[in-house]
Amino acid sequence: MSTDLFRFTKSSKTLNAVLIIIPMVLLFIGVYGGLMQTLFRAGIIQSDPFVGGDYYKGLTFHGVLNAIVFTTFFAVAFGNALVPFALKKNLNSKIAWASGILMLVGSVLAAITILMGEATVLYTFYPPLKAHPLFYIGLTLLVIGSWVAFYNWIPMYLEWRKENKGKKTPLSVVGIFATFIIWFIATLAVAVEILFMLLPWSLGLVDEINVMLARTLFWFFGHPLVYFWLLPAYVMYYVFMPKMVGGKLYSDMAGRLVFMMFILFSIPVGTHHQYMDPAIGAQWKLLHGIFTFAVALPSLITAFTLAASLEYAGKKNGGKGLFGWMAKLPYFNKENWFFPYLILGLFIFIFGGIGGIINASYQMNTVVHNTAWVPGHFHLTVAGPVMLAFLGGSLYLVGQFMNKEIRLKAWAMISPYVYTIGLLIMSYGLKIGGLMGMPRRTNTGASYANPDSVLYQADWIPYIDLTVIGGVLMFIGIVIYIVSFFTTVFSKSRSDDEDAMVTFPISEPLHDEPATWLRNFKPYIIIAIILIVLSYTPVIYDVIQATYGGSLPYHPDSPVPLR
Ligand code: HAS
C-alpha cells in the first residue's frame, strides 16, 4: 500500500464527516453573531433582528460557538483523521463515536441555553455572571468528549512505537499529541472551576463564589486554549503546506522542537491576562510575563522555518533573487484552493503575533487591556490563521471522508481573500480605536457612537465604521465558503466505492536531522508540570489569601446583583 493512502473504516469516515458538518452549522450561527456585533457596536441595531436579545447575548454565542465549539470539533476530527492516517492503524470506532456523541450533546445544550438567553456570560464565563446549569454541563460534556477522543489515540500510538522501534514518530502525530497534551492539562483547571465552583453555585447549592479564584482557574485554561487552537494550524503549515507548493519542509527538527516548546511554555503564562487584576503579587506577574516571551519563541522559529520552506519551493519554481520566490507561489490556482487558507493565515499572523508580544509587556498592557485593541489582537490570531486553516482543513476533510470532489473550487479559493481583506480592515479599526480608549465588551453603539448620548466620542466613529465594513466583508467571505462547502457536501460522490482511500499532502523534509532528544514526550511533560507548579502555586496562594467573602450572581441586563 502506498504510504500516502489509507483505508478508514466506513464508521470512522461517517463520524469524521459528522464532526465537521454539524459544527459548521453552529459556526455559521456564530459568524452571524459576529456580524451582529459590529452592527451593535456601531449603533445600527439595538436588538438582534433574527435571534433576538441584546449585544451581550450575541457576543456570548459568537464567542462560544466560534472559539470553543467549532475549534474543539475541528481539532478532534483532525486528530481522528491524521493519527490513524500517519500510523496506518484504524480507530476504535465505538470509543470514537462515544466521544463524538458527548461533544455533540454538550454543544447543543450550551448553544440552546445561550440562544434562550439563559447563559449570557460571554466565552470566558467569569462569575459573578451566572449561567443556567445546563450551560456548564454542556461545556463539561464537550471537554470530556474531547478527552475520550485523545485517549482513543494513545493505545494506537504506543502500539506503533512498539512495532517501529528507533523510528521517528510522524511529525503530524507529534503535533496532534502536543495539542492534546496541552489541552488535557489545561482543561483540568477549568474542570475544577466548573465542577466545584460554577455548577454548585448555579444549582443554588452555594450562595457565593470566589471570583478571583474562578478567573485564575479560567486563565490557567484560557491561555493554553489559544495554543490548542493554533497547533492544528501549525500541523497544516509544517506537514501539508510545503508539499502543496511543490517544496519540502526546511527542517524536520525545527517542527519537533516547536511542538515540544509549546508543551513546556503554553501553560505557565495565564497571569498575563490578569496583569491588571488585584490580589496577585507583581513578582508572579513578572514570572508569567517572562514565560510569555518564551512561548513566543516557537512561533519565531516557525516564521523562519516556514519562510525557508516557501523560499525553497519558490526558487524551485523559478523564483530569482531575494524576494522573487514570493511571486512563484500558487496564490490563485483554483486546483490548489487550500493553499490561500494557509498562506493568508501566515501573513495575518505576522501582525497578530506582534500584537501578542506588545500585550505581553506589563507597561504596554496597561495601555491596551480591556480596550478594543484586544479583540483586534485575537481576530488577527484565532479568527485569522486558526479560522482560515480550520476552514480549509474542514473542506479538505469533508471531501476526503465523504469521497467527494470539491465543488465550486474558484469560490473556495476566493473566500479566504475576501475574508482576509475584511479581517485586516476590521482589526485595524479595533486596534486604533482601542489605542484611543474604545472599550471591548461594551455596546459602544448604545452610548459612545450615539450623538445624543453624553458619552458620545466623535473621534472613534471612523474606526467603528471600519469595523462594520470589515465585519461585512468577513461575513461575505464566509458565505462564499459555506456555499462551496455545502455544495460539496450535497454533491454526488466520486465513485460508488464506499471504501475509497483517504490521502493527505505529507511533506518530505529538506533536512532530516536525527533529533533523538525530541523523540519522547515524557521529559517535556515532566518539565511542563514543574514549571506549572512553580508558577501557579504562589498565584493560587495569593488569590486565596487576598479574597475576602464571595460575590452574588449578576446579569448584564440587571444593575443589581441577583440573590
Ligand atoms: Fe494572545 C490576549 C499575548 C498569541 C489569542 N490572545 C489574547 C486573547 C485571545 C488571544 C483570544 O500577553 C484575548 C483573551 C480575552 O478574551 O481576554 N498572544 C500573546 C502572545 C502571543 C499570542 C505573546 N493569542 C495568540 C494566539 C492566539 C491568541 C496564537 C489565538 C490563536 N494575548 C497575549 C496577551 C493577552 C492576549 C498578553 C492579554 C491581553 C489583555 O490585556 O487582555 C504569541 O504566541 C505570539 C507569537 C507569534 C509570533 C508571530 C510569528 C509569525 C509567523 C508568521 C510567519 C509568516 C510567514 C509567511 C512565514 C511571534 C509564524 C511569509 C511569506 C509570505 C509570502 C507572506
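Basic side chains Lys and Arg get +1 at the Cβ, acidic Asp and Glu get -1 at the Cβ, and with that the dipole of the chain about its Cα centre reaches some 1480 debye. Estimated at 0.36 nm per residue, the fully extended path between ALA303 and VAL367 surpasses their Cα-Cα distance by 20.3 nm.
Among VAL479, TRP160, LEU300, which residue has its Cα positioned farthest towards the positive end of the charge dipole of the stretch 5-546, with +1 placed on the Cβ of Lys and Arg, -1 on the Cβ of Asp and Glu, and the dipole taken about the Cα centre? Value computed over the given set: TRP160. The phi torsions of the stretch 237-252, fed into the Karplus equation with coefficients 6.51, -1.76 and 1.60 and a -60° offset, translate into couplings of 5, 6, 8, 8, 4, x, 5, 4, 9, x, x, 9, 6, 4, 9, 5 Hz, rounded to whole numbers, with Gly and Pro shown as x. Taking amide H as placed 1.01 Å from N in the peptide plane, the amide H of TYR250 sits under 5 Å from that of SER309, LEU510, each at least 5 places away or on another chain. A helix-only calculation puts the chain at -21000 deg cm²/dmol for mean residue ellipticity at 222 nm, using -39500 (n - 2.57) for each DSSP H run of at least four residues, averaged over all residues. For the stretch 291-384, relative contact order (Cα pairs under 8 Å, six or more residues apart, normalised by length) works out to 22 percent. Against the chain, whose longest principal axis comes from its Cα atoms, helix 409-435 is set at around 30 degrees.
Straight distance only, please: which lysines reach the Cα of LYS431 with their own Cα at less than 18 Å, same-chain residues fewer than 8 apart left out? Reachable lysines: none.
Computed from backbone phi with θ = phi - 60° and the Karplus coefficients 6.51, -1.76 and 1.60, the 3J(HN,Hα) list for the stretch 388-393 is 5, 5, 5, 5, x, x Hz; x is used for glycine and proline.
The amide H of THR371, built 1.01 Å from its N in the peptide plane, has ARG440 as neighbours under 5 Å, considering only residues 5 or more places off or on other chains. Helix 171-192 axis versus longest C-alpha principal axis of the chain: approximately 20°, rounded to the nearest ten. For TYR541 and VAL51, a Förster radius of 41 Å and the Cβ-Cβ distance give a FRET efficiency of 0.45, rounded to the nearest 0.05. Note on ASN90 and VAL472: their simple-model spin labels are 5.2 nm apart, each label 7 Å out from Cα toward Cβ.
A straight Cα-to-Cα reach below 19 Å connects LYS13 with the aspartates and glutamates ASP4, GLU405, ASP496, ASP497, GLU498, ASP499, residues fewer than 8 places away in its own chain not being considered.
Note on LYS320, LYS522, LYS13: ascending count of other Cβ atoms within 10 Å places them as LYS522, LYS320, LYS13, the fewest first.
Stokes-Einstein, applied to the Kirkwood radius of the chain over Cα pairs at a viscosity of 1.567 mPa s and 4 °C, places its translational diffusion at 54 µm² s⁻¹.
Counted without the sites themselves, the longest stretch of the chain free of GluC sites (Glu not before Pro) in a DSSP loop having at most 14 other beta carbon atoms within 10 Å is 1-207. Here's the picture: charge each Lys and Arg Cβ at +1 and each Asp and Glu Cβ at -1 in the chain, and of PHE6, GLY204, ALA77 the one pushed furthest to the positive end of that dipole is PHE6. Mean separation of Cα pairs under 8 Å and 6 or more residues apart, divided by the residue count, gives the chain a relative contact order of 21 percent. Rg and Dmax over the alpha-carbon atoms of the stretch 84-166 stand at 17.5, 55 Å.
In order along the stretch 129-141, the Karplus-derived 3J(HN,Hα) couplings, from 6.51 cos²θ - 1.76 cosθ + 1.60 at θ = phi - 60°, round to 5, 10, 10, 4, x, 5, 5, 5, 5, x, 5, 4, 5 Hz, and Gly and Pro are given as x. For ILE209, the residues whose modelled amide H falls within less than 5 Å of its own, excluding neighbours fewer than 5 places apart on the same chain, are SER551.
In the chain, the longest principal axis of the Cα atoms and the axis of helix 282-316 are about 30 degrees apart. Of the residues SER146, ASN450, ILE114, the one whose Cα sits farthest towards the positive end of the charge dipole of the stretch 5-546 is SER146 (charges of +1 on Lys and Arg Cβ, -1 on Asp and Glu Cβ, taken about the Cα centre). Taking the fewest neighbouring Cβ atoms within 10 Å as the starting point, the ordered list for ASP252, ASP54, ASP465 is ASP465, ASP54, ASP252. Applying 1/(1 + (r/R0)^6) with r as the Cβ-Cβ distance of GLU159 and ALA296 and R0 = 45 angstrom yields a FRET efficiency of 0.80.
Laboratory data are not the source of any read-out in this text; all were calculated from the coordinates shown. Keep in mind that what you see is a predicted model, and the values were worked out from it rather than measured. Because the Cβ atoms are built from the backbone with ideal geometry, glycine has one as well, and the counts that use them run over all protein chains shown.
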